[in-house]
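K.L.:
Dropping a structure here in structure tokens format, bear with me for questions.
The values are calculated or read from the model by the stated rules, or taken from the named source; none is laboratory data. Just so it is clear, the structure is predicted and the values come from calculations on it, not from any experiment. For neighbour counting, all protein chains shown are included, and Cβ atoms are generated from backbone atoms with ideal geometry for every residue, glycine included. Accessible surface areas use protein heavy atoms only, side chains included; no ligands, DNA or RNA. Shrake-Rupley method; radii C 1.70, N 1.55, O 1.52, S 1.80 Å.
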Amino acid sequence: MAEIKEFVVNDRRKFTPEGDVRPDAPPSEPKAPRPETLQPVAPPPDEYNSSAKLNGPQAVPDKPAAEAEANPELPPPPTDEQTGQAKNAYDATVDRLDTAIRASNPGMERMPEMTFDRLIQSVYMQAILQLGGGAEPGQTPQIDLLGARQSIDMLSVLADKTKGNLSTQEDQLLQSALFEARMGFLEMTQLLARQAAAKQGPPPPPGGPSIVR
């Protein structure tokens, strides 16, 4: 028969049934400190910087800096002083140039000042020339459709950007120039389309327009 070992029961209760502390009770294990008593540990420098970037107060960049960051290829604008110096130097150079031209061409008047009307007329005439309007009689007009399109689009941009800021005369001049340039462009593209469709037929008469490539 197997030997029965004797078991010893130890009372590990700390208090008696009456609520008193037992003299033979084992010492209490130290409790873990409560969360509110823990001392904060400073994070490493890199971690601290990341936290500051995420949660700290953010500085609001000024508008020019934000625009420069959004358009990294755009150079910074000149200062007022630089703008004034460039204008003064330009005006002085223009005066010297006009003086030299009049000295070599007696009786020649000073070049007229640039105005909004002259600007519109210049872009309009450029479009007409690109559509072959400057060809001499009997010569084959050289057509630059892409160039004419850009010139007409320039007039369109001027009309959009200056809307509500022009006099009645300036607005009429701009709208008329834009209308006539667009109509000339449509007429020329239709003429070239008819010539391309008739390629299989007899050759076009001499003096017809040709596209500049």
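K.L.:
When Lys and Arg each count +1 and Asp and Glu each count -1, what net charge do the other residues less than 13 Å away from Gln172, Cβ to Cβ, add up to? Please report the intermediate quantities before stating the final value.
P.N.:
Numbers: positive: none; negative: Asp117, Glu170, Asp171, Glu180.
Net charge around Gln172: -4.
K.L.:
Further question: What does the accessible area per residue of the range 113-208 come to in Å², with a 1.4 Å probe and no ligands, DNA or RNA counted?
P.N.:
Details: 6640 Å² over 96 residues.
About 69 Å² of surface per residue is accessible.
K.L.:
Hey, what's the Cα Rg ratio for the range 70-151 versus the globular rule of thumb, 2.2 N^0.38 Å? Working shown, then result.
P.N.:
Details: Rg = 19.4 Å, N = 82, 2.2 N^0.38 = 11.7 Å.
Relative to the 2.2 N^0.38 Å estimate, the range 70-151 comes out at 1.66.
K.L.:
Trypsin sites (Lys or Arg not before Pro) within the range 141-200: which are DSSP loop residues with at most 15 other Cβ atoms inside 10 Å? Don't jump to the answer; show the numbers that get you there.
P.N.:
Values: sites: Arg149, Lys161, Lys163, Arg182, Arg194, Lys199; in loops: Lys163, Lys199.
Hits after loop and neighbour filter: Lys163, Lys199.
K.L.:
R0 = 25 Å: FRET efficiency of Glu180 with Met111, Cβ-based, nearest 0.05? Walk me through the numbers before you get to the answer.
P.N.:
Numbers: r = 26 Å, r/R0 = 1.04.
Once the sixth-power term is evaluated, E becomes 0.45.
K.L.:
How high is the FRET efficiency from Leu191 to Ser122, r the C-beta distance, R0 35 Å, rounded to 0.05?
P.N.:
Numbers: r = 26 Å, r/R0 = 0.73.
Efficiency at R0 = 35 Å is approximately 0.85.
K.L.:
Stretch Leu166-Asp80 to full length: gain in nm at 0.36 nm per residue minus the Cα-Cα span?
P.N.:
Values: separation 86, 0.36 × 86 = 30.96 nm, distance 2.68 nm.
This chain segment gains 28.3 nm when fully extended.
K.L.:
Mind checking the dipole of the range 111-188: about its Cα centre, +1 per Lys or Arg Cβ, -1 per Asp or Glu Cβ, Debye to the nearest 20? Please list the in-between numbers first.
P.N.:
Working: 5 positive and 10 negative charges, 32 e Å.
That gives a dipole near 160 debye.
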